[in-house]
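Note sheet for the following structure.
What follows is calculated from the coordinates using simple rules that are stated; it is not laboratory data. Every value quoted in this text rests on a predicted model; they were computed, and no experiment measured them. Don't worry about glycine lacking a Cβ; one is built from the backbone with ideal geometry, like all the others, and counts go over all protein chains shown.
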Amino acid sequence: MPRMIPSELTGRLAAICGSDGVIVDPDRLLVYESDALTAYRHRPGAVVLPRTTEELRRSVAEVARLGLPIVPRGAGTGLSGGAVPLDGAVVIGTARMNRILEIDAPNRRAVLQPGVINAELSAAAACQGLYYAPDPSSQTACTIGGNVAENSGGPHCLKYGVTSRYVTGLKVVLADGSLVELGGGAREAPGYDLVGLFVGSEGCFGIAAEIEVALLPVPEAIRTLLGIFDRIEDSGRAVSDIVSAGLLPAAMEIIDGPTIRAVEDSVFAAGYPTDAEAALVIEFDGLEAGLDEDAARASELCRRAGAREIRTAKDEDERLALWKGRKKAFGAMGRIAPDLLVQDATVPRTTLPSILRGIAEIARRYDLVVANVFHAGDGNLHPNILFDRRIREDLERVERASKEIMRLCVDAGGTITGEHGVGLDKKHHMPLIYGPAELDAMWGLRRVFDPAGVMNPGKVLPEDTDPELPGAGEGVARTGPGAAGAAPALAGMHG
């Protein structure tokens with residue numbers, strides 16, 4: 001049962017945010033029990049939906065005054081369990097804080113509230129010939145505040161980088177309800193890089209109330225290709241060959257055979273051949289001069305790697321059609337199984353062929369369907385494990401396979417997340433890549449921002465590595481890199 005929130009508190013919150021800005025009805029709270037990684041579910045004690053910075057600040061102060069846990073939430077599109085409200089926490093959602101406050105075209109910047117949807121920022125800036133570069137695959141639904149919390153990536157981050165490159169200033173509400181300004185004014189701030197520290201902190205340091213971002217000019221021209229392969233390993237080899245040749249596409253995305261067939265069997269059908277085992281989307285952008293040559297070289301490298309067909313978009317409609325299978329992949333996977341565990345790891349590009357073979361072998365051993373759709377250009381893998389959480393045996397096999405995939409990627413010189421964050425799902429993998437000293441430093445940093453430990457507790461850092469808890473350091477999670485703690489049991493996360 002979720003924590004009972006005192007009626008006095010909900011009354012004070014309603015006085016701040018309005019009666020429609022506070023949710024306590026058990027049925028309505030179900031909407032907020034998970035993020036897009038639905039394997040983990042916990043119902044919040046209450047949900048608060050402020051509209052302004054002042055409402056956000058006062059709401060955090062009221063909840064923190066009682067020492068209750070707070071979980072920040074944007075659009076709920078995250079894939080790490082980061083917005084799951086453990087222990088009946090109070091969810092503070094920023095979806096109603098959705099105004100673009102300023103677009104400063106001469107200085108190529110914008111100031112906005114955290115609830116602004118990613119794609120809507122680019123749409124608003126388009127009339128000025130500008131756009132916002134980081135483009136998560138969920139960009140038509142995800143919000144900038146959530147992107148800041150997770151330091152989100154996206155297909156075009158191969159060339160343009162992730163969210164942290166574009167956030168230049170923040171107004172942040174800390175755990176006690178105080179408001180601080182970090183950076184801003186599109187200038188280089190002296191002293192410590194607190195903006196860089198906050199971006200990617202996954203709601204554990206505070207909540208962004210206003211965000212200043214850098215905008216880029218819309219590219220003069222774009223060239224988009226689609227390579228069709230009979231072996232997914234060959235598509236991975238093509239990616240490495242293209243980068244080794246000195247080319248820098250804006251994006252390189254791989255969609256594997258199971259995903260292609262799911263998309264083509266759905267309303268999102270994009271015209272990909274269903275007998276193919278991989279499709280590789282390659283996109284170049286920039287000045288018109290030289291783009292045709294780059295696209296021709298990439299096409300030839302794909303053919304050498306084993307592509308049986310190369311398609312080239314002749315106009316914007318054809319470009320969108322080539323992208324459709326990638327953009328709609330996750331929406332189509334519900335045709336394969338009722339539940340999906342989206343993994344997120346990054347490996348060196350040159351290891352892609354061997355890693356993809358290894359993932360396929362793990363799937364065979366555990367008799368699971370694993371569909372791969374991922375940002376191949378920067379080695380950011382997304383092995384998606386399809387299962388039915390109502391079947392206990394499925395859950396156990398998914399847990400074991402997931403841990404093996406993560407270990408495979410780390411042993412290849414990779415890391416446990418590329419863009420989805422650590423959250424609840426991967427916190428027990430943190431000792432795979434960090435030793436006790438690094439984890440101690442992270443705990444110390446977290447307490448600087450949140451001394452009482454009320455901001456998104458239970459996320460990112462495994463509790464048995466906390467140096468201030470009795471008994472910490474006695475378990476395997478304190479033995480440094482190469483010793484993974486036990487992952488949270490999926491079967492226990494549905495109550």
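Remarks
- A straight chain from ALA245 to GLU463 at 0.36 nm per residue would run longer than the Cα-Cα distance by 74.0 nm.
- Burial order of peptide ranges 357-370, 131-144 (average beta-carbon count within 10 Å, highest first): 131-144, 357-370
- Listed values (i) 23.4; (ii) 25.2; (iii) 22.7, entry calculated as Kirkwood radius over Cα pairs in Å: (i)
- Gained length - ASP20 relative to ALA141, 0.36 nm times residue gap less alpha-carbon distance: 41.3 nm
- Stretchable slack from SER266 to GLU54, in nm (0.36 nm times residue separation minus alpha-carbon distance): 71.8 nm
- Fraction of antiparallel bridges per DSSP, the chain only, in percent to nearest 5: 90
- Taking the chain and dividing mean pair separation by its residue count, relative contact order in percent (alpha carbons under 8 Å, at least six apart): 15
- Counting neighbouring Cβ atoms within 10 Å and putting the fewest first, the residues SER244, SER59 line up as SER244, SER59.
- Furthest towards positive pole of dipole, PRO436, VAL213, ALA452, structure part the chain, Cβ charges: ALA452
- Here the simple spin-label model places points 7 Å from the Cα toward Cβ, and for THR312 and GLU438 these points are separated by 4.4 nm.
- Evaluated with a Cβ-only charge set (Lys, Arg +1; Asp, Glu -1), the chain carries a dipole of roughly 460 debye about its Cα centre, given to the nearest 20.
- Protection proxy ranking, peptides 323-329, 298-304, 121-127, 14-20, average beta carbon neighbours within 10 Å, highest first: 323-329, 298-304, 121-127, 14-20
- Counting every other Cβ atom within 10 Å of each residue's Cβ, MET442, MET406 order from fewest to most as MET442, MET406.
- Farthest positive-ward along the stretch 7-93 dipole, Cα basis, beta-carbon charges - from SER19, THR53, VAL90: THR53
- For the stretch 21-38, putting each phi into the Karplus relation 6.51 cos²θ - 1.76 cosθ + 1.60 with θ = phi - 60° gives couplings of x, 10, 10, 10, 4, x, 5, 5, 5, 4, 4, 9, 7, 8, 9, 6, 8, 6 Hz, in residue order, rounded to whole numbers and with x for Gly and Pro.
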